[in-house]
Amino acid sequence: MNLRPDTFKYFCEALHQRTAIRLTDNKEYLVESRLGILAKQNGMRCVDDLVVRLRSPGSSSLWRDVVDAMTTNETSFFRDATPFAVLKEKVIPRLIGDGRKPRALNVWSAAAASGQEAYSVSILWNEICGNYPGWKMRILATDISNKMLERGKEATYSNLEVVRGLSRERLDSNFQSQHNRWVVNPAIRENVSFKYLNLINGWPTLPQMDIVFMRNVLVYFDMETRKQLLARLRKVLKPDGFLFLGGAESALTIDEGFEKLFESGSSCYQLKAENDE
Ligand SMILES: C[S@@+](CC[C@H](N)C(=O)[O-])C[C@H]1O[C@@H](n2cnc3c(N)ncnc32)[C@H](O)[C@@H]1O
C-alpha cells in the first residue's frame, strides 16, 4: 500500500522538528522501506497506521525506533583517509606544540554513528602518543540514534566493517577476534565515551574541544540548521581548535568565520583569527 500524501507530509515535518533531517519530496519510497518493517514488528498493517500511532500521546519509545530507522548511519574506519593523515601529521603536533595545559586533548565525534570514527581517532592516538609523554586524549562520541550508540559501546564489528578502512596491521594490533567478529581492545576503548546528543536540542555542558569531527551529518540538514550548528560550535571549539567536516560539506559556504586549512581533501577548518573572542 502506498503512503498517503498527507501522511508523508506530516511525517516529514515531524521528523524535521525532532531531528532536523529534511526529506525531499520524492523520498516516499525511503519512508516506506525504512518504516515498513517497523510497522510490521509493531503489529500494524502499513506505514500510515504507524504514523497515526506516532501522532498519539505516549509514542516516545516508538519515535526512538523511528529515529533509529530514519537516520543514515553509513560510516567506516578512517573514512576518507586524508583527514586522519592531517590529524596525525599536522593537527595534533600543532596543538601539542602550543604547550597548552592541562596536557589533554578533548575530541568530539559529533555524529558518531556506530563508533568507527571515534575508534579511528583513538587508534591513531595510541600509535603516536609515545611521542607526547604525559599527554592524554579524551574522545566524546555522540549521536541521536540509541541503536548506534549501543553498537559503539559494544565495540564489536563484522568482517565487512573492519575491512573497510583498516589495514591488517591495525586490525591485529587493536582488535581481538571473537566468534567471527572483531572486538576493539580495551586500550583503544578507554579513550572513548558514548552519549546521546541530539545536535538540534540544547547541548549539555561540554568541555572546550580541541578537535571536533562533525562529519557527514550537515548534509542531512537545511542551510538554516547548518548555520545555527556552526554558530553553536564556535562556543564549544577552542579558538585555536580544529573542525573536520565531511568531504561533501564545506564550512566556508555556511559560516564565513571559518577558513580551510592544509591540502585539498583535508576537510579541516579553523576559526579565522579575527573571530577569536
Ligand atoms: C552518515 S552518519 C556519519 C557518521 C560519521 N560521522 C562518519 O562521517 O562516518 C550520520 C550520523 O548522524 C546522526 N544524526 C542525524 N541527525 C542527527 C541529530 N539531529 N543529532 C545528532 N546526530 C544526528 C545519524 O544518527 C548518523 O549516525
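Antiparallel beta bridges, as assigned by DSSP with both residues in the chain, represent about 40 percent of the total such bridges.
Dipole orientation for the range 5-70: of the candidates G36, P5, N26, G36 has the Cα lying most toward the positive pole (charges on Cβ; Lys, Arg +1; Asp, Glu -1). For the pair V219 and E89, label points projected 7 Å from Cα toward Cβ lie 2.5 nm apart. Altogether, the Stokes-Einstein calculation at 10 °C and 1.306 mPa s, with the Kirkwood radius of the range 82-275 over Cα pairs as Rh, returns a diffusion coefficient of 92 µm²/s. Here is the list for the range 52-156: GluC sites (Glu not before Pro) lying in DSSP coil, each with at most 11 other C-beta atoms within 10 angstrom of its C-beta, are E74. Could you sort out which of K90/K260; K147/K195; K101/K238; K101/K195; K88/K136; K238/K272 sit more than 18 Å apart by Cα distance in this structure? Correct reply: K101/K195. Once the Cα atoms of helix 60-70 and of the chain are each reduced to a long axis, what angle between those two axes, in degrees from 0 to 90 to the nearest 10, is obtained? Approximately 70 degrees, to the nearest ten. Counting only Cα atoms, the size of the range 59-183 along its three principal axes is 50, 33, 24 Å, in decreasing order. Among S120, S250, S167, S61, the order by Cβ neighbours within 10 angstrom, fewest to most, reads S61, S167, S250, S120.
Each label was represented as a point 7 Å from its Cα along the Cα-to-Cβ direction; for D6 and I37 these points are 3.1 nm apart. Cβ crowding within 10 Å ranks L160, L218 as L160, L218, fewest other Cβ atoms first. Under the simplified labelling scheme, the Y196-R18 pair shows an inter-label distance of 1.2 nm, with each label point 7 Å from Cα along Cα→Cβ. The relative contact order of the chain comes to 17 percent, based on Cα pairs under 8 Å that sit 6 or more residues apart. For a quick check of your reading of the filter: which trypsin sites (Lys or Arg not before Pro) in the range 68-156 sit in a DSSP loop and have no more than 13 other Cβ atoms within 10 Å? Here the trypsin sites (Lys or Arg not before Pro) that fit, given the DSSP loop and packing criteria, are R103. Extension gain, R53 to R232: 0.36 nm times the residue separation minus the Cα-Cα distance gives 61.0 nm.
The long axis of helix 116-128 is offset from the longest Cα principal axis of the chain by roughly 10 degrees. Over the range 5-70, the alpha carbon radius of gyration divided by the compact-protein estimate 2.2 N^0.38 Å works out to 0.99.
Close amide-amide hydrogen proximity is noted between F194 and A141, each under 5 Å apart and 5 or more residues distant or on a separate chain (H modeled in the peptide plane; Pro and chain starts excluded). Centre-to-centre separation between the Cα atoms of the range 196-242 and those of the range 104-175: 19 Å.
Cβ crowding within 10 Å ranks H16, H179 as H179, H16, fewest other Cβ atoms first.
Extension gain, S264-I128: 0.36 nm per intervening residue step, less the Cα-Cα distance, totals 46.6 nm. Mean-square fluctuations from a GNM of the chain, with a 10 angstrom spring cutoff on Cα atoms, peak among A20, A141, A248 at A248.
Every number here is computed from the coordinates shown, using simple stated rules; none is lab data. Given the structure is predicted, the values throughout are model-derived calculations rather than measurements. Note: ideal-geometry Cβ built from the backbone for every residue, glycine included; neighbour counts use all protein chains shown.
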